[in-house]
1. If the chain between Asp275 and His348 were fully stretched, how many nm would it gain, using 0.36 nm times the residue separation less the Cα-Cα distance?
2. Please give the length that would be gained between Asp157 and Thr321 if that part of the chain were fully extended, namely 0.36 nm times their separation in residues minus their C-alpha to C-alpha distance (nm, one decimal).
3. With a 1.4 Å probe and every protein chain left in place, work out the accessible area per residue of region 334-419 in Å², rounded to a whole number.
4. Quick one: if you take sqrt(5λ) for each eigenvalue of the C-alpha gyration tensor of region 17-216, what semi-axes come out, biggest first, whole angstrom?
5. Please sort 407-413, 364-370 by packing, taking for each peptide the average over its residues of neighbouring beta carbons within 10 angstrom, highest first.
6. Hey, if we sort His336, His251, His123, His347 by accessible area with the 1.4 Å probe, largest down, what's the order?
7. DSSP H helices in the chain with Cα extent of 20 Å or more along the helix axis and mean Kyte-Doolittle hydropathy at least -1.0?
8. Solvent-accessible area per residue for region 17-216 at a 1.4 Å probe radius, Å²?
Amino acid sequence: MTGGTRLAGEVAVPGAKNSVLKLMAASLLAAGRTMLSAVPDILDVSVMSKVLAGLGATVERDAAGGRLSIEVPQAPGVAADGELVRQIRASVAVLGPLVARRGEARVALPGGDAIGSRALDIHVNGLTKLGALVDVESGVLVARCSGRLQGASIWLDFPSVGATENLLMAGVLAKGTTVIDNAAQEPEIADLCAMLTAMGGRIDGAGSSTLIIDGVDQLTSVEHRTVADRIVAGTYAIGALMTGGDVLIRHGQAAHLSIVLEKLVQAGAEVDVRDDGFRVVGRGQPRSIDVVTLPYPGFPTDLLPQIIALESVSRGTSLITENIFDSRFAFCRELHKLGADLRTDGHHVIVRPTARLSGTRVTASDVRAGAGLVLAGLVADGVTEVSDVHHIDRGYARFVENMTDLGADIRRVSDRAVA
Ligand code: EPU
């Protein structure tokens, strides 16, 4: 891409990657046809569809229309394909539904982005509390339970998104009451609660840090619309500010981005919240801001690379602190190649002002790092070439097309590079 253009116009935000993948897993909780809408046309949905197909489900996708139909048999398989599971960490979400419904689940230790150690102890401890026996056998996590899971009180060491979701999906079919304390409160979890409730689950406290679940014997499949992707919305919002642009982010839910939009306003953006989205206008060079990532409602770690890219062209020095993952700063090495002045120390990075970023070849190491590099390339002098863009495809539908529509000078050269 060639930097120097401003983003202007409208962009529509699809459903959230980090919700739809769990909604797909939740379909395993009931026999019959689950219909999901606002499904983003991204790579991870394709991989998760194959995981479900491997478990005996029939998955039909209307990618352009954003619809997904999942027909789940009476007795889905219990072993998720190892090769697929290693490609996306979200596939660990089939663990809860399968052990609850079939009394057994086998899931290879998952892969996904190279952004940290990402243990599963909180999932395992919670499932054990519900009465499952969990072991690792030759790199495969095996959870078993004779009879039904039993409701229990579970206090999470950390409000893990994935563990909260797995325990919710296990708890809805457990016998008796399950209480999850210190639960994650991300909007994607509230979305999962909404779908589980529509299926007949009994959940109190959706969206809060205490979830109380009264187990039921059986659930029914439903139709459900995926919540809008706040990270995709936030990425375009940061791009608008960085480029001195003017972008209407349709379907973006400002309420799910309160702290992010507040920070962007501090940095100089004008934000106008509308009924169906919000508009972000940037004027002149942004002011530097300090950011600390935290579980929701804190600043999302999934916007960290994008915010570091913003800070690298802002006026003044900023301190960014990452509290969720231990390797997200690998991105800084790539941004440094574009001329950014960054110094990392433990889980902090200090970003000092640079006169100009200057385009060169960089590599996306994960989905958000890829998005951050594209944003940096939009304001860098000359041509920036980002490789390994398959990472961006994992979470951003029509990214190049949307950026082009907004006025960016960007094109996809091949599956392996964008320039
Ligand atoms: N953790 C543990 N033990 C566990 C579970 C988590 O130590 O049993 C640690 C992890 O190692 C990590 C932290 O807790 O350091 C947060 O992990 P969490 O379980 O909350 O995250 P996740 O469920 O693995 C989801 C999103 C991530 C997002 C995080 C935090 C999906 C598919 N992934 O991951 O999204 O960053 O929540 O909000 O929902 C992305 O989209 O780019 C992405 C990485």
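1. That works out to 22.6 nm of additional length.
2. On the way: separation 164, 0.36 × 164 = 59.04 nm, distance 2.07 nm.
Between Asp157 and Thr321, full extension yields an extra 57.0 nm.
3. Heavy-atom accessible area per residue stands at 43 Å².
4. Values: eigenvalues 102, 70, 57 Å².
Each semi-axis is √(5λ); the values are 23, 19, 17 Å.
5. 364-370, 407-413
6. Numbers: His336 110, His251 65, His123 5, His347 85 Å².
Output order, biggest surface exposure first: His336, His347, His251, His123.
7. none
8. Per residue, region 17-216 has an accessible area of 35 Å².
The values are calculated or read from the model by the stated rules, or taken from the named source; none is laboratory data. Keep in mind that this is a model prediction, so the values were computed, not measured. Reconstructed Cβ throughout: ideal geometry from the backbone, glycine too, with neighbour counts over all protein chains shown. The protein model used for the area step is the full one, side chains on, heavy atoms only, and it has no ligands, DNA or RNA in it. Shrake-Rupley method; radii C 1.70, N 1.55, O 1.52, S 1.80 Å.
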